[in-house]
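Report on one structure; see the data block that follows.
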Amino acid sequence: MTNHSELGENRITKVVILGGGTAGWMTATALAKSFGRSIDIALLESEEIGTIGVGEATIPTLHWFNQLVGLDEAEFVRATKASFKLGIEFVDWTRPGHCYFHPFGYYGITLPGVAFFPRWQKAHRDGLARPLPDYSMTTRLALDGRFTIPVDDTKSILSTLGYAYHFDAGLYARHLRTLAEADGVVRHEGKLATVEQDPLSGFVTALTTERGETLAGDLFIDCSGFRALLIEDVCHAGFDDWSHWLPCDRAVAVPCESLATITPFTRSTARPAGWQWRIPLQHRIGNGYVYGSEFISDDEAGQYLLDNLDGPALAEPRFLRFKAGQRRKYWDRNVVAIGLSSGFLEPLESTSIHLIQSGIAKLLSLFPDRGCYSGLATQFNTLFAQDMDNIRDFLILHYHATEGRDDPLWKHCREMTVPDSLASRIATFRKSGRLLIGSDDLFKEASWLAVLTGQGVEPQDYHPLADTLDPQRNAAQLEQIEQVITRSLPTLPKHEQIIAAILADKRGASVGSMASGA
Ligand code: FAD
């Protein structure tokens with residue numbers, strides 16, 4: 001039997017993080033909060049190399065991370081110039097002139113016996129229902145430019161809300177750095193020069209900078225961004241290229257002046273060779289054109305973006321290159337890749353920061369000892385690959401289920417063979433109205449419903465339990481839900497009012513109390 005002192009000797013005591021972008025500082029903060037001072041954490045970053053400097057839209061899972069590191073919500077909104085995000089408006093995706101909304105909350109409310117979607121399908125077939133988005137409190141709130149915090153009481157329509165944030169990622173990383181350094185993380189400035197490895201095991205033992213500083217450690221987290229300096233250059237993990245399914249490989253980004261109204265949602269507009277994002281923060285609007293270099297030149301894409309802004313540009317356009325895909329291993333020996341070093345899925349559903357925290361959560365639950373038992377790495381790799389596959393399929397759906405666009409990129413995506421896992425989800429939904437969603441899938445029913453129905457994938461059937469409903473009573477219940485939403489909307493604050501209250505607040509009140517006017 002292993003005794004206590006042997007266990008103690010084998011515990012990890014030094015973690016070295018390479019990279020100080022969003023991934024590096026999120027990882028440093030989370031490890032420092034979780035382990036306290038029992039582990040020394042060093043972070044190496046290079047000001048000269050800098051960070052990628054984009055990544056402003058999030059999904060609701062960010063609440064988990066902010067709670068883990070003890071970030072007060074109002075303080076976070078002030079520090080990162082954040083706005084609230086209730087979902088994404090997709091303009092011209094299904095076909096030119098069409099628009100739909102992917103809300104973060106649920107459709108309808110939960111009623112006994114039969115789920116909301118088949119209830120709606122049945123009423124719709126009986127000619128007794130309004131369009132599905134009319135029953136989404138989150139969609140209606142967003143499109144009315146209002147915002148409030150969800151409540152726990154499941155009898156309230158406000159319990160169906162979900163939300164995330166738009167924020168300045170640079171300010172977020174800076175804020176996290178302050179928290180992490182207060183918890184003992186030591187930042188080292190410099191460029192990586194050499195990596196030392198144990199000749200027998202191949203484990204990384206130390207990083208040395210160009211100035212000759214050496215950072216020794218037991219566990220190394222590769223947060224070096226697209227460079228993937230440890231997981232690829234040292235560990236040779238390999239890369240699965242998914243660009244045949246997700247052909248956009250470039251983006252041009254430029255901020256522009258804010259408007260008086262700060263919409264509580266991201267807008268994504270389909271463009272001839274990709275799509276354009278619009279992310280409103282407190283002080284500016286972030287914009288970008290994500291495109292396939294095979295289909296448009298950089299100059300044309302840059303000009304297209306500048307011609308389609310809400311206000312004057314605040315900087316020169318910045319061009320970025322990437323490739324959709326994933327590392328074949330995210331954890332190899334004592335190196336774990338978190339952030340862009342682990343792979344990349346384009347920002348269509350704002351999932352990269354989620355993937356950072358998903359990597360952090362898995363690392364925390366599978367945290368190894370110095371031997372880095374391979375079973376832990378295998379489990380990490382299996383679970384993370386599932387995350388990537390699920391998100392990849394959801395993104396491909398957006399590109400694939402379209403009509404009425406003959407631009408080469410859109411034609412290619414409509415006609416391409418999609419992964420079997422996605423083909424099966426689409427076919428099952430079309431045939432039966434049922435969604436194949438696993439318990440660990442990031443995107444749940446409301447998200448798949450929003451995009452499938454929004455992009456014209458019509459189910460031919462509905463769950464047979466809906467036949468047990470009395471049609472008139474079913475229709476009356478739906479009508480009641482719609483009326484509750486319609487009545488409550490004007491009573492809720494405008495998004496700008498909530499932000500103004502948070503900025504003006506000197507009492508440290510919670511966002512929830514400000515949103516409810518308490
Ligand atoms: P980086 O920010 O690139 O950081 C890498 C770090 O490694 C830096 O500190 C750098 O100095 C350091 N480094 C590199 N080489 C060396 C070296 N030799 N020596 C020392 N240090 C080194 N995500 C979202 O969630 N929402 C979005 O809306 C979103 N939009 C995006 C739009 C685009 C066009 C792109 C490309 C990405 C977007 N992302 C988005 C992804 C998001 O930007 C990243 O997930 C996030 O910024 C994390 O990046 P990172 O920390 O892994 O890498």
Sole residue being in contact (Cβ under 8 Å) with a residue 24 or more places away in the chain, basic (K, R) and over 30 Å from G97 (Cα atoms), chosen from R392, R405, R321, R327: R327
Pairs with Cβ under 7 Å, 6+ apart, first in region 330-354 and of a type in the set (S, T, N, Q), second at pLDDT below 95 and near the ligand (Cβ under 6 Å from one of its atoms): S352/G55
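Here is a yes/no grid of residues against (1) of a type in the set (K, R); (2) closer than 20 Å to L171 by Cβ; (3) open to solvent by less than 10 Å² (accessible area, probe 1.4 Å):
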| residue | (1), (2), (3) |
| --- | --- |
| R250 | yes, no, no |
| V254 | no, yes, yes |
| A260 | no, no, no |
| A270 | no, no, yes |
| W277 | no, yes, no |
| N287 | no, yes, yes |
| L314 | no, yes, no |
Lone unmet requirement of (1) assigned to a helix (DSSP H, G or I); (2) over 16 Å from S243 (Cα atoms) for M388: (2)
Pick from region 356-375, criterion part of a loop (DSSP other than H, G, I, E, B), surrounded by fewer than 17 Cβ atoms within 10 Å (Cβ to Cβ) and of a type outside the set (F, W, Y), ranking: nearest to the chain's Cα centre (by Cα): D369
Out of R487, R414, sole residue that is touching a His at 6+ places or on another chain (Cβ under 7 Å), on the phi < 0 side of the Ramachandran plot and open to solvent by 20 Å² or more (accessible area, probe 1.4 Å): R414
Any hit, region 76-83, residues being of a type in the set (S, T, Y), under 28 Å from L503 (Cα atoms), open to solvent by less than 50 Å² (accessible area, probe 1.4 Å) and in a helix (DSSP H, G or I): no
Selection within region 323-343 - closer than 14 Å to I391 by Cβ, within 11 Å of the ligand (Cβ to nearest atom) and crowded, with 24+ Cβ neighbours inside 10 Å: S342, G343
Those residues of region 121-136 which are touching a strand residue (DSSP E or B) at 6+ places or on another chain (Cβ under 9 Å) and part of a loop (DSSP other than H, G, I, E, B), in sequence order: S136
Residues of region 14-53 that turn out to be of a type outside the set (V, I, T), in contact (Cβ under 8 Å) with a residue 40 or more places away in the chain, open to solvent by 20 Å² or more (accessible area, probe 1.4 Å) and in a helix (DSSP H, G or I), as a count: 4
Among the residues listed as L320, L305, L281, the single one being within 13 Å of the ligand (Cβ to nearest atom), under 30 Å from A74 (Cβ atoms), of a type outside the set (S, T, Y) and open to solvent by less than 60 Å² (accessible area, probe 1.4 Å): L281
Among residues of region 157-199, those that are of a type in the set (K, R), crowded, with 16+ Cβ neighbours inside 10 Å and not in a helix (DSSP H, G or I), counted: 1
I149 being surrounded by fewer than 23 Cβ atoms within 10 Å (Cβ to Cβ) and closer than 23 Å to T266 by Cα: yes
Residue that is touching a Phe, Trp or Tyr at 6+ places or on another chain (Cβ under 7 Å) and away from the ligand (no atom under 16 Å from the Cβ), where the choices are S156, S136: S136
Hits in region 427-449 (condition: of a type in the set (S, T, Y) and under 25 Å from the mean Cα position of the chain (by Cα)): S439, S447
Any hit, region 200-214, residues being within 16 Å of the ligand (Cβ to nearest atom), among the acidic types (D, E) and part of a loop (DSSP other than H, G, I, E, B): yes
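Is at least one residue of region 224-241 of a type in the set (S, T, Y) and surrounded by fewer than 22 Cβ atoms within 10 Å (Cβ to Cβ)?
Checking region 224-241: not a single residue is of a type in the set (S, T, Y) and surrounded by fewer than 22 Cβ atoms within 10 Å (Cβ to Cβ).
The values are calculated or read from the model by the stated rules, or taken from the named source; none is laboratory data. The model shown is predicted, which means the values in this text are computed figures rather than measured ones. As a convention, Cβ positions derive from the backbone with ideal geometry for all residues, glycine included, and neighbour counts pool all protein chains shown. Surface accessibility is based on the protein's heavy atoms, side chains included, excluding ligands, DNA and RNA. Shrake-Rupley method; radii C 1.70, N 1.55, O 1.52, S 1.80 Å.
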